[in-house]
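To start, the structure under review is shown below, and the notes come after it.
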Amino acid sequence: MAGRWIERWDPEDELFWKEQGERIARRNLAFSVLSEHIGFSVWTLWSVMVLFMGPEYGVDPAGKFFLIGTATLVGAVIRVPYTFAVARFGGRNWTVFSALLLLLPTGAAYLVMEPGTSYGTFLAVAALTGVGGGNFASSMTNINSFFPLRKKGWALGLNAGGGNIGVPVVQLVGLLVIGVAGAAHPRIVLGVYIPLIAIAALCAALFMDNLAPVRNDTGAAKEAVRDAHTWIMSFLYIGTFGSFIGYSFAFGLVLQTQFGRTPLQAASLTFAGPLLGSLIRPVGGWLADRFGGARITLWTFAAMAGATGVVVHASMAESLAVFLVGFIVLFVLSGLGNGSTYKMIPGIFQAKALAKGMTGETAEAYGRRLSGASMGLIGAVGALGGLAINLAFRQSFLTAGTGTSAFVAFLLCYGVCFAVTWAVYLRRPAAAPAPAATSETKPQLSYAEV
């Protein structure tokens, strides 16, 4: 596709932004959200499909956790090439292609979703749905290039939040199908999404743009891989987004396995947490713009540890009501942390540019290069946290019959994330004598406001 290419793009120029940039950026953001939303629904499709898989399918709870874990793994790994595809093919062009690609796993699931299908076939089709997870990386990389630094927290939060809502929406569709047609008709869910995928691709083709100044920069990718902050932020994103996507996949299955809920009862509860977590993600970005992403992230991890303690207590006491409250609070906090951690990324690399003595457009270009290159890696590693959560649940149910030990492990992880955030981005070093002012003096690096 030749596509529509914009040759000049300078969102940091306030006059350019006011006269034309903001209008174009908002239009691309709206249709990026649509495509990413459908991608998330397809990626998390098996969190719904397993609710339809009764005893006649011959798949035990451990096998179901492994199905959704497989989808999580593929979705995480594929985010890396999707990140660099935007600069290679153009944001609009890649959005059209990646949206159409969603027809493959959805159509395959439509064909095989019935009793008697082999477990290996289910596993292969679940792996195909991972392509939906890649849409997040390309969408975030694309939108990062459209907006100025002062707007990135809001824009990235809205883009990701709108995409994340695809998780509860597909679960609501599953609930509606189970409630109206019964658990024997999973193909209705798939039939709903096939035309929606086509609509998302068509809208991207008609209303989105490619940015010519955005080009693949292998030097930026290599520099991002070597930068310690890429891997530190990847670890923190495991704690936030890894929790969100892992819990989204596992919530309904945990309710069925540990609390004996029927498919309809489980489906009627699972959507609430992902929905609230998705809706609050832009708020996390907005708070990070206002107060600093590191501060919001720090206290989010503290609150997540507290909420996990409530869930551990409820799991041991077998209290469904308390368990639901604690789990939904975890979803909300993970969504808040998703917004604040992603806002930190461009701020960190902008701060590094200033520390190197760069100013003006040079610093802005450096920040865009490195943050864009690192986002895909951070998103991919963060999504692997969802795999770890599902594997932890699988092992916990295999050995103890409950998810309690898995939740204890998650609580410890949030404590480590809190410590890392404080130590790297908020702890103030001991005061040192100020250097003599010279023309070569560089700005002091500070991450407290990122």
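The values are calculated or read from the model by the stated rules, or taken from the named source; none is laboratory data. This is a predicted model, so every value here is computed, not measured. Glycine gets a Cβ as well: all are built from the backbone with ideal geometry, and neighbour counts include every protein chain shown. Ligands, DNA and RNA are stripped out before the accessible areas are found, and what is left, the full protein with its side chains, is counted by its heavy atoms. Shrake-Rupley method; radii C 1.70, N 1.55, O 1.52, S 1.80 Å.
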Would you pick out the residues in the stretch 109-128 that are open to solvent by less than 20 Å² (accessible area, probe 1.4 Å) and assigned to a helix (DSSP H, G or I)? Ala109, Phe122, Val125, Ala126
Need at least 2 residues that are over 19 Å from Phe301 (Cα atoms) and among the small types (Gly, Ala, Ser) per element, so show me which helices (runs of 4 or more DSSP H) inside the stretch 317-430 make the cut, counting only ones lying wholly within it. 320-355, 360-400
Every pair of residues 6+ apart whose Cβ atoms lie under 6 Å, when the first sits in the stretch 293-318 and is without any contact (Cβ under 8 Å) to a residue 60 or more places away in the chain while the second is open to solvent by 40 Å² or more (accessible area, probe 1.4 Å): Ala307/Val329; Ala314/Val322
Over the stretch 1-32, the set of residues aliphatic (A, V, I, L, M), closer than 30 Å to Thr129 by Cβ and open to solvent by 30 Å² or more (accessible area, probe 1.4 Å) is Met1, Ala30
Look through the stretch 234-276, keep the residues that are closer than 15 Å to Val170 by Cα, open to solvent by less than 10 Å² (accessible area, probe 1.4 Å) and of a type in the set (Gly, Ala, Ser), and return whichever of them is nearest to the chain's Cα centre (by Cα). Ser248
Does the stretch 190-212 hold any residues that are surrounded by 14 or more Cβ atoms within 10 Å (Cβ to Cβ) and not in a helix (DSSP H, G or I), and which are they? Met208, Asp209, Asn210, Leu211
I'm trying to understand the selection: among the residues of the stretch 352-376, which are buried (at least 22 other Cβ atoms within 10 Å of the Cβ) and closer than 15 Å to Met233 by Cα? Leu370, Ser371, Gly372, Ala373, Ser374, Met375, Gly376
From the list Leu103, Leu45, which one is in contact with a helix residue (DSSP H, G or I) (Cβ under 8 Å, 6 or more places away or on another chain) and surrounded by 18 or more Cβ atoms within 10 Å (Cβ to Cβ)? Leu45
Of the residues that sit in the stretch 129-153 and are within 17 Å of Leu101 (Cβ to Cβ) and not in a helix (DSSP H, G or I), which one is farthest from the chain's Cα centre (by Cα)? Thr129
Quick count over the stretch 50-78, residues being over 21 Å from Val381 (Cα atoms) and out of contact with any Pro (no Cβ under 6 Å at 6 or more places or on another chain), is 11
Does Thr404 qualify as being touching a Ser or Thr at 6+ places or on another chain (Cβ under 7 Å) and under 21 Å from Ala294 (Cβ atoms)? no
Keeping to the stretch 288-297, report how many residues are open to solvent by 10 Å² or more (accessible area, probe 1.4 Å) and either in contact with a helix residue (DSSP H, G or I) (Cβ under 7 Å, 6 or more places away or on another chain) or charged (D, E, K, R) (or both). 4
Selection from the stretch 194-249 of residues farther than 30 Å from Leu324 by Cα and hydroxyl-bearing (Ser, Thr, Tyr) yields Thr218, Thr230
Mind checking which pairs have a first residue in the stretch 231-247 that is in contact (Cβ under 8 Å) with a residue 40 or more places away in the chain and closer than 9 Å to Ser334 by Cβ and a second that is buried (at least 24 other Cβ atoms within 10 Å of the Cβ) and among the charged types (D, E, K, R), Cβ under 9 Å, 6 or more apart or different chains? Phe244/Arg281
Of the residues Thr404, Thr399, which is closer than 26 Å to Gly63 by Cβ, open to solvent by 20 Å² or more (accessible area, probe 1.4 Å) and modelled with pLDDT of 90 or more? Thr404
Selection status of Ala183, touching a residue at least 40 places away in the same chain (Cβ under 8 Å), in a helix (DSSP H, G or I) and more than 21 Å from Asn338 (Cα to Cα): no
Among (1) open to solvent by less than 40 Å² (accessible area, probe 1.4 Å); (2) among the charged types (D, E, K, R); (3) modelled with pLDDT of 90 or more, which single condition is Arg187 missing? (1)
Condition test on Ala87, is it of a type outside the set (Asp, Glu), in a helix (DSSP H, G or I), within 29 Å of Glu22 (Cβ to Cβ) and open to solvent by 10 Å² or more (accessible area, probe 1.4 Å)? yes
The stretch 109-126 residues that are of a type in the set (Phe, Trp, Tyr), paired with ones that are open to solvent by 70 Å² or more (accessible area, probe 1.4 Å) and part of a helix (DSSP H, G or I) (beta carbon under 6 Å, 6 or more apart): Tyr110/Arg187
Find all pairs meeting these conditions: Cβ atoms under 6 angstrom apart; at least six residues apart or on different chains; first residue within the stretch 58-72 and within 19 Å of Gly132 (Cα to Cα); second residue open to solvent by less than 20 Å² (accessible area, probe 1.4 Å) and in a loop (DSSP other than H, G, I, E, B). Ala71/Thr129; Ala71/Gly130
Taking the condition in contact (Cβ under 8 Å) with a residue 12 or more places away in the chain and over 18 Å from Ser138 (Cβ atoms), does Leu29 pass? no
For the stretch 134-174, which positions are open to solvent by 10 Å² or more (accessible area, probe 1.4 Å), more than 15 Å from Ser35 (Cβ to Cβ) and of a type in the set (A, V, I, L, M, F, W, C)? Leu149, Trp154, Leu172, Val173
